[in-house]
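Novice: First the structure, which I've put down as structure tokens, then a few questions once you've had a look.
No lab work stands behind these numbers, since they all come straight from the coordinates. Predicted model, so just to flag it, every value in this text is computed and none were measured. We place every Cβ from the backbone using ideal geometry, glycine too, and count neighbours over all the protein chains shown.
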Amino acid sequence: MPRRESPLHSEMLQGTLDMLVLRTLVLGPAHGYTIAQSIEQGSEEVLQIEHGSLYPALHRLENRGWIASFWGTSENNRKAKYYRLTPQGRKQLAAQTSRWQEVVRAIGRILNPAPKTK
């Protein structure tokens with residue numbers, strides 16, 4: 001079955017992927033493949049995370065100090081780069097989540113306006 005185009009790929013902002021990566025790492029350190037799988041499974045396969053989007057996001061988040069990386073051994077006994085959330089990343093996640101919820105409420109008001117009272 002062909003993969004359908006993910007909203008993250010076509011329509012959503014770059015910052016959304018950053019927020020989802022940070023949220024995934026709240027659960028603990030993970031390597032890139034696990035991060036992508038977690039987002040895909042958590043979205044019930046609606047969001048498909050491409051390597052060409054994920055790894056630049058991981059580098060961007062690491063450069064900003066929101067995540068840190070270290071080398072470890074994966075489940076299949078291979079060397080893998082793992083990422084963990086930093087305290088600064090936790091603060092950023094809280095700020096981004098708050099802003100995201102505000103935007104969702106605003107869009108909801110536009111899509112489903114309250115009936116006008118007379």
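Novice: Under a point-charge model restricted to the Cβ atoms of Lys and Arg (+1) and Asp and Glu (-1), what is the dipole moment magnitude of the chain relative to its Cα centre, in debye to the nearest 20?
Specialist: Roughly 480 debye, rounded to the nearest 20.
Novice: Using every Cα-Cα pair within segment 7-110, state what percent have a distance larger than 23 Å.
Specialist: Distances greater than 23 Å cover 26 percent of the Cα pairs.
Novice: Okay, next question. So what is the 222 nm mean residue ellipticity for the chain from helices alone, if each DSSP H run of at least 4 adds -39500 (n - 2.57) and you divide by all residues, rounding to the nearest 500 deg cm²/dmol?
Specialist: -17500 deg cm²/dmol
Novice: Using the Karplus curve 6.51 cos²θ - 1.76 cosθ + 1.60 with θ = phi - 60°, what ³J(HN,Hα) values do you get for each residue of segment 21-26, in whole Hz, with x for Gly and Pro?
Specialist: 5, 4, 5, 5, 6, 4
Novice: Also, I was wondering about something else. Only Cα pairs under 8 Å and at least 6 apart count here; give the relative contact order of segment 7-110 as a rounded whole percent.
Specialist: With pairs under 8 Å counted, the relative contact order is 29 percent.
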